[in-house]
Amino acid sequence: MPQATKSIYINGVWKASENGKQIDMLAPSNGKKIGAISRGDKADIDKAVFAARSAFEGVWGQMAAVDRGRLLSRLGVKILENIEQLASIEALDTGKPMTLARNDITATARYFEYYGGAADKIHGETIPFLNGYQVMILREPRGVAGHIIPWNYPAQMYGRTIACALAAGNTTVLKPAEEACMSIIRLTELAHEVGVPPGVINLVTGLGEEAGAALSAHNGIDFMSFTGSPEVGTLIQKAAAENHVPCVLELGGKSPQIVFDDANVDEAIRVIIAAIIQNTGQTCSAGSRVLVQRSIFEEFMDALAKRFRSIKVGSHESDLDCGPVISQVQCERVKGFLERARKNGIELIAEGSLDETAVASGFYVTPALLGPVDPASELAQDEVFGPVLAAIPFDDEDDAIAIANGTQFGLIAGVWTESGARQIRMAKRLRVGQVYLNAYGAGGGIELPFGGFKKSGHGREKGFEALKEYTVSKTVVIKH
Ligand code: ADP
């Protein structure tokens, strides 16, 4: 386990917070303390931003793109060499089953490999202009990038933001979530070991309303990426507006899986279950609504319920379908949704089960399939962020689109139908950032641009699209 009490990394040096305060870290599987992190605040953020600025104007700004890329690729290899240790840290810290934690670390390495390879492929353009002129469009890094990330996929979020920002030539200040950030500390140690220069990656652990607020409001950053709740996203955007800093926001969803009566039901059920139980439903793009054509609703629900009842929940070590949720607060929040659904008379169609490793001191909830759910109800509208699937019947394509688009979110969607023409019609009408046809990838695909419409946020992370966000164009006009 990393030396977490000195969890602030500025200009290549590990340190405790200026104020000396700490935050205890708990294992979601049993609620026990596993360590502590430094509770950084504005004083640490100031130093981190200063270090990032110096590195941007110095060593990193002057490094050739090929060398930046090589460093990132080397970090990707190093991550894979340490996969078991990193996965164990991630599983203990977040409660996620070991298999999922290993997949997450593999994806983290992929981000560094992918963006490492991209670093020297970020090209500018030329534009035909008046006779006697040459115009070049340079694509330049934005400068110092601030990142505030959540607790659900700490390692992957590190790869998604840091690898992309560095490939584009930015330097970074990262404020991870206070609930889970142990893997991020270890990843930063590995970055140091492979030779990422001081000041290029700066890490300040701490609370959202302290270190996070200080980072988002800092007038020394040039760009902000945030993943988290819509409420905090609003605060981030307001702070960015004060400093006229662009930001990318990824704020969650209420993503629909839409099943038509001509669908391959067996395959749909397998994927629909996987997409709601992955990471115990704590995924922005979890498929948390299943919309089923009314003509097959009853029979589909019978088959879905049968498979749903086989879902098993236990500690991260037991490596079952689901682990605990992240915290007691989150546990009570999810149970609150279920209790209100019960009071409102929504039928509980099926439940998973807790195994004996799901001890009372851990943060466990039983996966639940409920329906039919009124599309206007809380359960169909709000993000639960737990293993809770709301089933909603629909009549035809128009009805499916109205329900699917009828929330404040618009992140991703799945459509299950054998009709090619219908696949195209649905893909065009869904107001979401990713559409899967006869497939679904909750959080998947580092190569695939990802982001939302409406309250799911704006801007795109992942893939080459993200490199556009993390760079800015400069027009150079030459008279010859
Ligand atoms: P969640 O509800 O999933 O924990 P949050 O939006 O509260 O999502 O947290 C996501 C990230 O935002 C975390 O790193 C958290 O510390 C940070 N955060 C929380 N509040 C603030 C704030 N007021 N300003 C900046 N960052 C914040």
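Scanning segment 147-168 for residues that are assigned to a loop (DSSP other than H, G, I, E, B) and either of a type in the set (Val, Ile, Thr) or modelled with pLDDT under 95 (or both) gives a single hit, Ile149. Just one of the listed residues (Ala180, Ala191) is open to solvent by less than 10 Å² (accessible area, probe 1.4 Å), in a helix (DSSP H, G or I) and touching a residue at least 24 places away in the same chain (Cβ under 8 Å), namely Ala191.
When His458 is tested against (1) of a type outside the set (A, V, I, L, M, F, W, C); (2) within 24 Å of Phe385 (Cα to Cα); (3) open to solvent by less than 50 Å² (accessible area, probe 1.4 Å), exactly one condition is not met: (3). On the stretch given as segment 216-236, residues that are away from the ligand (no atom under 11 Å from the Cβ) and either within 19 Å of the chain's Cα centre (by Cα) or closer than 22 Å to Glu383 by Cα (or both) total 2. For segment 452-480, a tally of residues being among the aliphatic types (A, V, I, L, M) and either without any contact (Cβ under 8 Å) to a residue 24 or more places away in the chain or more than 28 Å from Ser229 (Cβ to Cβ) (or both) returns 3. Tell me which residues, restricted to segment 37-74, are among the aliphatic types (A, V, I, L, M), open to solvent by less than 60 Å² (accessible area, probe 1.4 Å) and in contact with a helix residue (DSSP H, G or I) (Cβ under 7 Å, 6 or more places away or on another chain). Once the filter is applied, which keeps residues that are among the aliphatic types (A, V, I, L, M), open to solvent by less than 60 Å² (accessible area, probe 1.4 Å) and in contact with a helix residue (DSSP H, G or I) (Cβ under 7 Å, 6 or more places away or on another chain), segment 37-74 yields Ile37, Ile45, Ala65, Leu71, Leu72. For segment 276-292, the criterion of being closer than 25 Å to Ala163 by Cα, over 20 Å from the mean Cα position of the chain (by Cα) and crowded, with 21+ Cβ neighbours inside 10 Å is met by none of the residues.
Name the residue that is nearest to the ligand (Cβ to nearest atom), counting only residues in segment 194-215 that are open to solvent by 10 Å² or more (accessible area, probe 1.4 Å) and under 28 Å from Lys33 (Cβ atoms). The residue in question is Gly208. Checking each residue of segment 428-440 against the condition of being of a type in the set (Ser, Thr, Tyr), within 17 Å of the chain's Cα centre (by Cα) and part of a loop (DSSP other than H, G, I, E, B) gives at least one match. Quick one: is Gln22 in contact with a strand residue (DSSP E or B) (Cβ under 6 Å, 6 or more places away or on another chain), assigned by TED's automatic domain parsing to the domain that holds Gly212 and farther than 17 Å from Thr188 by Cα? Judged against the criteria, Gln22 is a match.
The values are calculated or read from the model by the stated rules, or taken from the named source; none is laboratory data. Note that the coordinates shown come from a computational prediction; the quantities given were computed from them, not determined experimentally. Neighbour counts run over all protein chains shown; Cβ positions are idealised from the backbone, glycine included. With ligands, DNA and RNA removed, areas are computed over all heavy atoms of the protein, side chains included. Shrake-Rupley method; radii C 1.70, N 1.55, O 1.52, S 1.80 Å.
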